[in-house]
Amino acid sequence: MSDPTFRDTTLTGATPRESESPVLPGLLAATWLIASKDLAIEFRTRTAFFSALVFALLGLTIFFFAWDPTAVAAIDLAPGVLWVIFTFSGLLGLQRSFGVEQADRAMDALLAAPVEREAIYLGKAVANFLFVVGVQVIAIPAVALFYNVPLGSIWLSLTGIAVLAALGIVAVGTLFSAMAVNTRLAELLLPMLSLPFFVPVVMAAAQTTSRLLAGRPEAEAWPWLRILLGFDLVFVVACAIAFPYTLDE
Amino acid sequence: MSAALQPKSQPQVHRPVVEAEGLVRTFGARRAVDGVSLSLGGGECLALFGPNGAGKTTLLRLLAGLLAPSAGTCLVGGVALRADGGRAARSRVGLISHASMLYAALSARENVEFAARMYGLRHPADAAMRALKTMRVADRADAPVRSLSRGLQQRVSIARAIVHDPLLLLCDEPYTGLDEVGSAALTEALGERRAHGAALMLVTHNLSEGLALATHAAIMRRGRFVRYEERGAVDGPSYASAYRELVTADV
Amino acid sequence: MTTPDIRAAHAQAQSARTEAAKGRPALVDGWIIAAAIAVIAAYVRAIWFTPAEATQGLAQKIYYLHLPAALNAYLAFGVVFVTSIVYLWLRDERADRVAESSAEVGLLFTTVVLTTGPIWGKPIWGTWWTWDARLTLTLFLWFIYAGYVVLRGAIPEPAQRARYSAVLGILGALLIPFIHMSVYLFRTLHPMPIVLKPDRPSLPPEMLHTLLFSFLAFVLVYFALVRARYRLSIERARAAELEAALEGGR
């Protein structure tokens with residue numbers, strides 16, 4: 001700040017110009033800044049993404065070997081397996097979400113910055129969303145491959161479901177991640193608090209996938225999608241509003 | 001309240017950078033900050049001493065916008081602390097702590113550029129490099145921060161704190177964990193900030209390091225200032241013994 | 001603080017802790033006794049003075065325990081929801097204490113519902129568990145309550161604990177309608193194995209009265225337990241404050 005009311009010189013001694021004065025980032029700009037920062041960190045280390053991916057593939061494998069194909073058809077099993085694995089690998093990604101801010105107290109720098117508090121939540125949620133969707137991009141084809149189910153025939157709808165489901169679990173999971181990281185039982189609390197909230201999401205996603213895969217008319221899937229959409233709407237807003245209340249201010 | 005340290009032909013009167021009146025912060029029944037008033041101008045440095053739990057860190061966190069005051073008023077750079085959700089005041093403040101507040105996986109340049117963008121600077125990349133150069137770590141700009149020594153990390157952390165040229169620089173025990181070289185570099189950097197007209201508040205346990213930079217010195221105890229005087233009025237050894245007395249009085 | 005002061009403060013903290021630990025004498029008071037009497041009266045009435053239901057026989061009598069417990073579990077949750085909002089709005093720690101008390105009592109009641117449900121269901125439905133709408137919703141209520149209690153246990157700092165619990169209390173309440181909708185949709189589209197599901201048939205007056213009486217008894221129990229738990233949390237807070245003052249004074 002080079003306001004001459006308070007002092008004479010600036011950092012560089014350069015002449016301050018009106019057009020050079022800073023413009024504080026608004027909500028969307030700050031959200032994107034924080035999200036891209038998180039993604040940059042993730043790209044640099046890649047460990048969390050890789051772990052979540054490996055976990056998903058391992059889970060799919062274990063379910064495969066726990067399955068009796070003579071009792072249950074693949075087309076009945078696969079949707080459930082897909083969305084349950086989605087939930088647990090998503091949790092892995094959510095765990096590390098606020099952990100990165102705890103090391104070296106980077107969260108203080110975020111809170112000291114002139115951005116709205118909601119931007120911190122939204123930025124992390126966006127990064128988590130891309131993380132979860134990224135895992136799904138590989139996990140969904142893996143399900144089709146391992147269980148030999150024609151997911152490709154419904155790929156467009158499946159993409160839509162994946163996006164809506166990811167939005168739902170990320171909205172709630174990001175908030176609970178922010179809370180859990182400040183408690184004594186962080187790794188235990190995040191799944192314990194989040195999973196009841198994930199249930200409507202998993203139910204809607206699995207039921208919809210199963211119906212579409214069975215070739216049922218889309219109208220049957222619509223009630224489930226409505227629940228999923230409603231869930232996303234309500235919880236993205238509610239969690240964004242709730243986030244500043246979790247901060248000590 | 002004069003800011004300029006260089007002699008000027010026309011002495012200019014500046015407004016104080018920070019004006020606090022009766023700041024209070026409670027945690028439940030505990031009054032961590034219990035009625036603090038202070039006024040600090042550009043180019044001034046307040047060294048803040050006191051025993052653990054005196055409220056020094058809480059006071060700094062209040063001024064940095066990390067905590068909301070329970071009572072009292074405060075202006076930073078002429079704007080109220082809570083105006084515009086606190087954003088206006090926060091944009092004028094830089095925070096240095098014993099924790100680096102950096103992202104270990106990212107490079108020094110990326111860390112400081114991120115900060116530059118968060119503070120809305122027009123040319124974040126240039127500002128980041130300038131700050132890193134000022135702190136003499138520009139040559140290690142692209143190494144991941146985790147590969148730097150603690151002293152260098154602290155310098156990057158200071159670069160991050162000053163990239164937006166804050167009016168008020170808050171330093172919470174920044175000397176912790178620094179060796180002699182690092183401490184000397186820190187003192188030089190803070191002195192330079194002061195010379196550029198920023199106001200400094202420095203919390204430290206090290207009396208000599210604190211008094212070296214200070215234009216004012218205060219001792220805090222149980223949330224209040226129990227001593228507050230200009231540096232010129234402070235005599236090193238007697239201050240040290242008075243401080244020791246105050247700190248041990250509670251035991 | 002001088003040494004005699006410190007000793008006195010230590011003694012005070014110690015006695016506050018002992019009081020809190022023993023849970024006496026303030027906790028067993030008139031309300032608890034009245035509630036206990038009401039519940040006993042309700043069961044005497046239910047077991048001996050109410051006619052047995054025709055098709056279900058004696059097992060149906062557990063219904064007088066099951067339904068009032070369920071309704072009060074939901075009542076307790078409603079209280080948690082409202083006090084959570086009040087806390088975030090006013091930051092009054094009393095709201096947090098009520099929320100805490102109501103949640104623990106609610107957890108107790110929910111556990112009662114989940115255990116009596118199968119006990120009732122087995123002789124009548126032939127199966128221990130059925131995913132009927134109410135039982136499922138109660139199960140989720142149990143999960144939220146359990147999460148709430150574990151969350152509180154993991155946060156030592158009172159203000160942070162109150163804030164986080166309040167957020168969970170509000171979000172949990174928002175979840176309930178979605179669980180309800182999902183379960184309802186699930187059940188209508190999934191023909192469950194046909195069971196003789198004895199919904200409440202038109203109840204003769206004596207049964208209705210017993211049910212009502214039982215319900216009121218449980219409300220009394222709820223109120224008495226919450227009150228006791230509330231006072232326990234005040235004692236604990238006082239003890240913690242004294243200890244903190246000792247730390248700070250040093």
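Of all residues assigned to region B:109-122, none qualifies as being in a helix (DSSP H, G or I), touching a residue at least 12 places away in the same chain (Cβ under 8 Å) and within 30 Å of B:TYR239 (Cβ to Cβ).
Is region B:83-98 home to any residue that is at pLDDT below 90, small (Gly, Ala, Ser), over 21 Å from A:ILE34 (Cα atoms) and assigned to a loop (DSSP other than H, G, I, E, B)? Scanning region B:83-98, I find no residue that is at pLDDT below 90, small (Gly, Ala, Ser), over 21 Å from A:ILE34 (Cα atoms) and assigned to a loop (DSSP other than H, G, I, E, B), so the answer is no. Taking A:GLU249 as the residue in question, decide whether it is away from chain C (no Cβ under 11 Å) and among the charged types (D, E, K, R). No, not satisfied.
Tell me, yes or no, whether region A:193-214 has at least one residue that is closer than 21 Å to A:LEU94 by Cβ, at pLDDT below 95, within 10 Å of chain C (Cβ to nearest Cβ) and out of contact with any Ser or Thr (no Cβ under 8 Å at 6 or more places or on another chain). Checked region A:193-214: no residue is closer than 21 Å to A:LEU94 by Cβ, at pLDDT below 95, within 10 Å of chain C (Cβ to nearest Cβ) and out of contact with any Ser or Thr (no Cβ under 8 Å at 6 or more places or on another chain).
Within region B:137-147, one or more residues are part of a loop (DSSP other than H, G, I, E, B) and either charged (D, E, K, R) or buried (at least 21 other Cβ atoms within 10 Å of the Cβ) (or both).
Within region A:44-66, being farther than 30 Å from B:ALA108 by Cα and touching a residue at least 12 places away in the same chain (Cβ under 8 Å) holds for A:PHE55, A:ALA56, A:LEU57, A:GLY59, A:LEU60, A:THR61, A:PHE63, A:PHE64. Looking for whichever is more than 14 Å from chain B (Cβ to nearest Cβ), of a type in the set (Gly, Ala, Ser) and over 27 Å from B:GLU110 (Cα atoms) here; the options are A:ALA165, A:ALA178. Which one fits? None of the other options fit; the residue is A:ALA165.
Checking the structure you have, find out if any residue of region C:71-86 is more than 15 Å from the chain's Cα centre (by Cα), surrounded by fewer than 18 Cβ atoms within 10 Å (Cβ to Cβ) and within 12 Å of another protein chain (Cβ to nearest Cβ). Looking for residues that are more than 15 Å from the chain's Cα centre (by Cα), surrounded by fewer than 18 Cβ atoms within 10 Å (Cβ to Cβ) and within 12 Å of another protein chain (Cβ to nearest Cβ), one finds at least one in region C:71-86, hence yes. Of all residues in region B:92-112, exactly one satisfies the criterion of being more than 10 Å from chain A (Cβ to nearest Cβ) and closer than 19 Å to A:THR31 by Cα, namely B:VAL112. Within region A:42-58, identify whether any single residue is surrounded by 18 or more Cβ atoms within 10 Å (Cβ to Cβ) and charged (D, E, K, R), and answer yes or no. Within region A:42-58, one or more residues are surrounded by 18 or more Cβ atoms within 10 Å (Cβ to Cβ) and charged (D, E, K, R). Just one of the listed residues (B:ALA88, B:ALA71) is facing chain A (nearest Cβ under 8 Å) and surrounded by fewer than 24 Cβ atoms within 10 Å (Cβ to Cβ), namely B:ALA88.
The residues in region B:236-251 that are among the charged types (D, E, K, R), surrounded by 10 or more Cβ atoms within 10 Å (Cβ to Cβ) and away from chain C (no Cβ under 14 Å) can be counted, and the count is 1. Give the residue, chosen from B:GLU173, B:GLU229, that is under 30 Å from B:ASN111 (Cα atoms) and in contact (Cβ under 8 Å) with a residue 12 or more places away in the chain. Result: B:GLU173 is the single residue among B:GLU173, B:GLU229 that is under 30 Å from B:ASN111 (Cα atoms) and in contact (Cβ under 8 Å) with a residue 12 or more places away in the chain.
Is it the case that C:ALA146 is farther than 11 Å from C:ALA99 by Cβ, more than 16 Å from the chain's Cα centre (by Cα) and either charged (D, E, K, R) or surrounded by fewer than 24 Cβ atoms within 10 Å (Cβ to Cβ) (or both)? When the stated conditions are applied, C:ALA146 does not pass them. Considering region B:159-188, the residues that are away from chain A (no Cβ under 12 Å) and surrounded by 22 or more Cβ atoms within 10 Å (Cβ to Cβ) include one that is nearest to the chain's Cα centre (by Cα), namely B:CYS171.
Residues that are modelled with pLDDT of 90 or more and closer than 19 Å to B:ALA195 by Cβ within region B:1-27 comprise just one, B:VAL18.
The values are calculated or read from the model by the stated rules, or taken from the named source; none is laboratory data. What you are looking at is a predicted structure, and each value in this text was computed from that prediction instead of being measured. For neighbour counting, all protein chains shown are included, and Cβ atoms are generated from backbone atoms with ideal geometry for every residue, glycine included.
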